[in-house]
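Undergrad: Can you read through this structure? Questions will come right after.
The values are calculated or read from the model by the stated rules, or taken from the named source; none is laboratory data. What you see is a predicted model, and the numbers here were worked out from it, not measured in a lab. For neighbour counting, all protein chains shown are included, and Cβ atoms are generated from backbone atoms with ideal geometry for every residue, glycine included. Remember, those area values only see protein heavy atoms, side chains included, never the ligands or the DNA or RNA. Shrake-Rupley method; radii C 1.70, N 1.55, O 1.52, S 1.80 Å.
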Amino acid sequence: MKRILAIAALAAFVAGCSSTPDEQAPAPVEDAKSGAGGPSTGPVTSQPIPVTPIGGDPNKDPRLTDPKNVLSKRSVYFDFDSDAIKAEFVPVVEAHGAFLRQNPRAKMLIQGNADERGSREYNIGLGQRRADALKKRLVLLGAQESQIESVSLGEEKPVCTDQTEECFAKCRRDDMLYGGQF
Amino acid sequence: MSLPRVGRYNPTTHKFPYALNRIRRAFLACLILATAGAAQAQLTIEITGGGGTQIPIAVAPFQGEAQLKQGLSDVIEGDLARSGRFRTLYTGPQNLNESSTVDLAAWRSRNADALVVGGVYPAAGGRYEVRFRLFDVLKQQSLGGVAYTITPQQARATAHRIADFIYEKLTGDKGVFSTRIAYVVKSGQRFQLQVADADGANPQTAITSNEPIMSPNWAPDGTRIAYVSFEARKPVVYVHNLATGQRQAVANFRGSNSAPAWSPDGRSLAVVLSREGGSQMFVMNADGSNVRRLTTSAAIDTEPQFSPDGRSIYFTSDRGGAPQIYRIATTGGDVQRVTFDGGYNVTPRLSPDGKTLAFVQRNAGRFQVAAMDLASRQTQVLTDGNRDESPSFAPNGKMILYATEVGGRGVLAATSSDGRVKQRLSVPAADVREPAWGPAPAN
């Protein structure tokens with residue numbers, strides 16, 4: 001019931017914002033509940049600044065699971081032996097960074113993973129390194145340190161088991177989970 | 001892309017059906033074994049390699065052993081053969097017991113260096129007396145024997161004790177036939193931490209979970225196992241009491257908690273925590289209190305292992321750019337590098353005498369178990385798989401248990417510490433991994 005009200009409120013809000021003049025750059029929002037801001041035409045992002053419907057649980061924001069929304073993209077993939085965030089994932093990371101910044105009550109768990117080659121405990125360390133790298137980037141983008149916990153699953157939860165480069169690449173990733181998923 | 005399942009999962013812990021009493025090696029065996037056989041998948045064992053010098057030994061059927069549902073001489077023979085240091089000779093039916101006059105010259109001509117004879121006799125209250133004698137056939141003399149009073153359920157454990165006696169008399173080393181091994185079984189999405197006899201018999205499940213379990217590590221007194229569980233969607237270290245099935249989360253800090261390793265006095269645990277950033281080693285009391293940071297680096301420092309004298313901790317670190325093995329004093333301080341060859345050396349394990357370091361080495365993309373003599377720094381590769389990992393020494397230092405893959409399936413294997421004798425232990429339709437050889441039972 002609450003969710004329906006939240007969606008209705010959001011729909012009404014967005015409808016009301018559609019004629020708002022464009023802004024030059026995304027304005028920082030101090031209070032998520034103020035509902036300020038509209039579609040941003042800042043030079044970098046092409047996504048609207050995420051805003052929580054008033055009174056809703058940000059962890060259950062429907063945009064987080066809407067396949068048409070970048071926020072439903074929760075995985076960042078890494079190159080072999082690397083924890084560097086690749087350019088192709090920057091928009092996803094920035095969207096989640098903005099969401100966390102806008103929604104201080106949102107909580108995230110980052111699970112880092114490694115491919116299956118080598119020692120299990122060392123792979124816990126590699127997954128941790130990747131999770132920490134993503135958390136650091138999100139904090140730089142304005143998330144609070146206390147909103148995000150970064151952990152490692154090492155090689156223990158593989159999404160595939162073929163011993164091929166293609167499978168290894170799928171395993172070298174961070175997954176972002178929001179509150180309620182953990 | 002699939003999202004992880006929602007909600008917490010509570011795995012099932014099990015109370016072991018037998019109390020972990022000490023076995024008193026005398027005329028009265030006190031071990032109480034599980035009689036209820038849980039429907040566990042049995043570890044099957046096959047020997048795949050032959051050793052160098054093997055003592056030819058004849059184990060004659062024990063007179064009257066058919067009275068026990070579990071025969072004794074078969075188990076004794078199996079133990080001795082699996083150690084790789086004995087070649088068991090076919091004896092055929094015999095009419096010998098521990099007090100027979102034995103024609104040792106005749107056994108010599110059958111190429112036996114040693115002979116075991118024994119008997120099983122009914123005693124009061126449904127019990128049996130088991131007596132045996134060991135002969136040195138070459139020197140034509142008795143090496144002694146032992147008598148036990150047992151219940152039928154204690155037959156298998158008694159056979160292991162007899163095999164230990166024989167092994168020790170003839171090799172000078174302590175036998176490990178009465179020890180247990182822990183390992184993780186993965187069957188579909190179900191994970192179990194199991195403990196079985198060293199020969200794979202009597203598997204007991206300590207914990208069942210829908211999320212992974214890794215890094216089991218035995219407390220030195222054999223009553224508890226520390227391990228890592230992912231049931232909370234992140235790694236948490238538990239200490240599990242085998243007899244009661246009770247467990248305590250001893251390291252459940254923000255971030256990841258993993259790689260538990262007991263100190264030799266059983267009072268401390270080394271662990272790897274990410275609560276202060278990265279993966280760094282900490283030492284704490286066995287109940288999780290008094291957490292002290294041990295390493296301070298920007299690297300991954302992990303896989304701590306105490307040396308047998310408790311003074312040093314060996315560990316894996318990539319502080320030099322690639323994972324290598326290092327050593328630090330338990331009290332902290334300077335770090336010394338131990339491995340220098342190759343670009344990937346991990347998972348340090350010390351032999352019980354502290355003289356040999358077993359570890360995992362990557363050679364041309366293949367991961368194998370190697371052993372380094374710490375005095376000479378000479379290294380020998382012991383295994384020849386592609387994905388060998390998790391080496392674990394037997395308490396007598398003579399065998400190394402490890403995990404490997406055969407036909408895409410996880411199995412355990414054991415190698416003698418000189419690499420010559422190999423065994424494979426597997427569970428049908430499941431992956432076995434993460435072995436840990438338990439300590440010698442205290443006498």
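Undergrad: So what's the gap between the Cα centers of the stretch A:96-171 and the stretch B:336-404, to the nearest angstrom?
TA: What the calculation gives is 30 Å, centre to centre.
Undergrad: Relative contact order for the stretch B:156-204: what is it in percent, counting Cα pairs under 8 Å that are at least 6 residues apart?
TA: The normalised contact order for the stretch B:156-204 reaches 25 percent.
Undergrad: Keeping the other protein chains in place, figure out the carbon and sulfur percent of the accessible area of the stretch B:53-171, with a 1.4 Å probe.
TA: Numbers: 2370 of 5030 Å².
Roughly 47 percent, rounded to a whole number.
Undergrad: Angle, helix B:155-171 long axis vs. longest principal axis of chain B, Cα atoms, 0 to 90°, nearest 10?
TA: Long axis of B:155-171 versus the principal axis of chain B: about 90 degrees.
Undergrad: Further question: Which lysines, on any chain, are close to B:K422 with Cα under 21 Å apart, when same-chain ones fewer than 8 places away are left out?
TA: Reachable lysines: B:K174, B:K398.
Undergrad: Pairs of Cα atoms under 8 Å, at least six residues apart: use those to get the relative contact order of chain B, whole percent.
TA: Details: 1141 pairs, mean separation 62.5, N = 443.
Reported as a whole number, the value is 14 percent.
Undergrad: Next question, about the same structure. Just to be sure I understand: if you take the accessible area of chain B alone plus chain A alone and subtract the pair, with a 1.4 Å probe, what total do you get in Å², rounded to 100?
TA: Working: alone 19310 and 10330 Å², together 26670 Å².
Roughly 3000 Å² of accessible surface disappears when B and A pair.
Undergrad: Another one. Would you mind pulling out the separation of the Cα centroids of the stretch B:405-443 and the stretch B:220-260, in Å?
TA: 22 Å
Undergrad: A further question follows. Of B:N386, B:T13, B:N217, which is farthest along the charge dipole of chain B in the positive direction, counting Lys and Arg as +1 and Asp and Glu as -1 at C-beta?
TA: Selected residue: B:T13.
Undergrad: Please enumerate, by chain and number, the lysines with C-alpha under 30 Å from the C-alpha of A:K170, excluding those fewer than 8 residues away in the same chain.
TA: A:K60, A:K68, A:K73, A:K86, A:K107, A:K135, A:K136, A:K157, B:K186, B:K234
Undergrad: Then there is this: Taking the Cα-to-Cβ direction at B:V406 and at B:K69 and moving 7 Å from each Cα, how far apart do the two end points lie in nm?
TA: That separation, rounded to one decimal, is 2.9 nm.
Undergrad: How far is helix B:73-82 tilted off the main Cα axis of chain B, in degrees rounded to 10, range 0 to 90?
TA: Taking Cα atoms only, the helix is inclined about 50 degrees.
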